[in-house]
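Bear in mind these aren't lab numbers, they're just calculated from the coordinates by the rules spelled out. Just so it is clear, the model here is predicted, and its values are computed rather than measured. Cβ placement follows ideal geometry from the backbone for every residue including glycine, while neighbour counts extend to all protein chains displayed.
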Amino acid sequence: MYKDNIEKQTEDNVNFRHVLATGPHLQLVVMALKPGEEIGLETHEDTDQFFRIEVGEATFIINGEEHTAGDGDAVIVPAGKEHNVINKGDVPLKLYTIYAPPHHPEGTVHKTKEEADAAE
């Protein structure tokens, strides 16, 4: 069971990636990307991914198509779709994402993108 104010958790997060909760079929993760920072091009073959932007503006690239998303927007990336998220604003991009099924080890915290890349 997990219960918390996800908006506050997302806005207060300063880590590139912080896994908040992992269940048998999904995982909740908050992320903070610095201006100009990106998640990096990736594909999750067996994992659908939901994103919700709380603060900032992002460019989502999904199978080569660009989409802009900002405060309050949600984006779903189906399994098997190549994607990237780029912070296009001048403030930290604060978002949360839900992976179904889970993608990262429970309790994962990556303070920086470099730390996240090294763990992959």
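Provide the FRET efficiency to the nearest 0.05 for the A100-V14 pair, computing r from the beta carbons and using R0 = 35 Å.
0.85
When mean projected area of the Cα convex hull in nm² is calculated directly from the model, which label among (i) 11.1; (ii) 6.6; (iii) 12.9 fits?
Step by step, mean projected area of the Cα convex hull in nm² for this structure corresponds to label (ii).
At A118 and T68, where each label point lies 7 Å from the Cα along Cα→Cβ, what is the point-to-point distance in nanometres?
About 3.6 nm, to one decimal.
With springs only between Cα atoms under 10 Å, which of I53, I61, I98 fluctuates most in a Gaussian network model of the chain?
So, out of I53, I61, I98, the one fluctuating most is I61.
List the lysines whose alpha-carbon lies under 28 Å from that of K81, not counting same-chain residues fewer than 8 positions away?
Cross-link targets: K34, K94, K111, K113.
Separation between the F50 and D4 pseudo-spin-labels, each 7 Å from Cα along Cα→Cβ, expressed in nm?
Calculated label separation equals 1.8 nm.
Counting each DSSP H run of 4 or more residues in the chain as -39500 (n - 2.57), what helix-only mean residue ellipticity at 222 nm follows after dividing by all residues, to the nearest 500 deg cm²/dmol?
Result for the chain, helices only: -3000 deg cm²/dmol.
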